[in-house]
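The values are calculated or read from the model by the stated rules, or taken from the named source; none is laboratory data. No experiment lies behind these values; they were computed from the predicted model shown. Reconstructed Cβ throughout: ideal geometry from the backbone, glycine too, with neighbour counts over all protein chains shown.
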Amino acid sequence: MGSVVLEGGYDRLGDGHHTPFFLSSKAGAGRPAGEGKRYSVMRLRDLGRARTLAAVTLMLSLGAVPGTQESAEAVGDACGATVLKADGTAWACTFVDTFDGLKLNPAKWAVQDTATTGFRVGDTCFKAGQGVTVGGGTLRLTVQRRTPFSCQSLLGDLLGKASYTGGAVSSWGRFDKAYGRFETRMKFPAYTGPGLHGGFWMNPKVRTYGLWPASGEIDVAEFFSGVSQNIYPSLHYTGSTRNDSGFNCPVSRVDQFHTYAVEWSPTQMDFSYDGQVCFSRTWAPLDLLAPAPFDRSFVLALTASTGMGTNAPTSAVPNANVTQVDYVKVWS
């Protein structure tokens, strides 16, 4: 079930193998997920005490039970508008980045670099200092065509040459969480032919139950340029099937800003796009008892790369393709 949002005014209007987790020499080695399948609220301005009082009044009329006026304001100060759970209580903000500075906040995000993590997506290599910028209030992840080059990794140049650089960030080593509400507002490239891939994902901090897919993966919003009329939510785990992906989540103009969210409980995940629930799913893993594997902390990841398989790049793919992220917010 979706959340209720106490709205005021808009803060800012904007015009293969995939899903990375970030490898570490200390823990969590594994591999990215396989490609093939594959709501939320606007970021709002803090409207001040008068608007907060009005919001609390509305919460009471909806049956919510906020603790105090001060607690409602604290949530608003951090993540923006107060968002209510299905039971009428307020979600509490635990993580937020609105990308308002001039560079990425290293206390919140690590930048993907194939040379140090070994992670690569098809014809895309990730290089430090390329593909990830912050400006104008957004995070920009760029897929750029290059003259074919050697993609260095932990294994040297064994990955062969790449023709594109991509952009990806993760909260690995900075933030992780189990259960709650996770939301982004982002837009994808306008190109509609095969070739581009990306999205907003969550992957386990520690692969307690084994390598992918045993320890799980949550795809909040997965983009394939070749089928860009939809954005795809999915769950991956041992025994997951086509039914664990949402194929009824159409998004008009993915190159415009939309909100993508998941509300994750021990028994179900509800995926919402632009405030409307489009996919709900429980899970029954092989050789595990639910809520495993989705009972552990997961980290956040945002990526932009080329695709693979039927979504592999062709010569028609533009030289530069930008995915923009307005914010990422997490609540408990």
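A few points about this structure:
- Reported count of residues in region 144-162, each being more than 25 Å from residue 133 (Cβ to Cβ), in a loop (DSSP other than H, G, I, E, B) and not aliphatic (A, V, I, L, M), is 2.
- Close pairs (6 angstrom Cβ cut-off, 6 or more residues apart or separate chains): over 18 Å from residue 170 (Cα atoms) and in a loop (DSSP other than H, G, I, E, B) in region 191-219, at pLDDT 95 or above and basic (Lys, Arg) anywhere: 208/296
- Cβ-Cβ under 7 Å pairs, at least 6 apart or on other chains, region 102-119 side of a type in the set (A, V, I, L, M, F, W, C), far side surrounded by fewer than 16 Cβ atoms within 10 Å (Cβ to Cβ) and modelled with pLDDT under 95: 111/128
- Boolean, residue 301 is in a strand (DSSP E or B), in contact with a Pro (Cβ under 7 Å, 6 or more places away or on another chain), within 30 Å of residue 104 (Cα to Cα) and small (Gly, Ala, Ser): yes
- Hey, residue 156 surrounded by fewer than 18 Cβ atoms within 10 Å (Cβ to Cβ), modelled with pLDDT of 95 or more and farther than 28 Å from residue 107 by Cα or not: no
- From the list 305, 332, the one residue that fits, being hydroxyl-bearing (Ser, Thr, Tyr) and under 19 Å from residue 168 (Cα atoms), is 305.
- Sole exception among (1) surrounded by fewer than 20 Cβ atoms within 10 Å (Cβ to Cβ); (2) more than 24 Å from residue 311 (Cα to Cα); (3) of a type in the set (A, V, I, L, M) for residue 110, by number: (1)
- Of all positions in region 122-139, none carries a residue that is in contact with a Cys (Cβ under 7 Å, 6 or more places away or on another chain) and either closer than 20 Å to residue 187 by Cα or among the β-branched types (Val, Ile, Thr) (or both).
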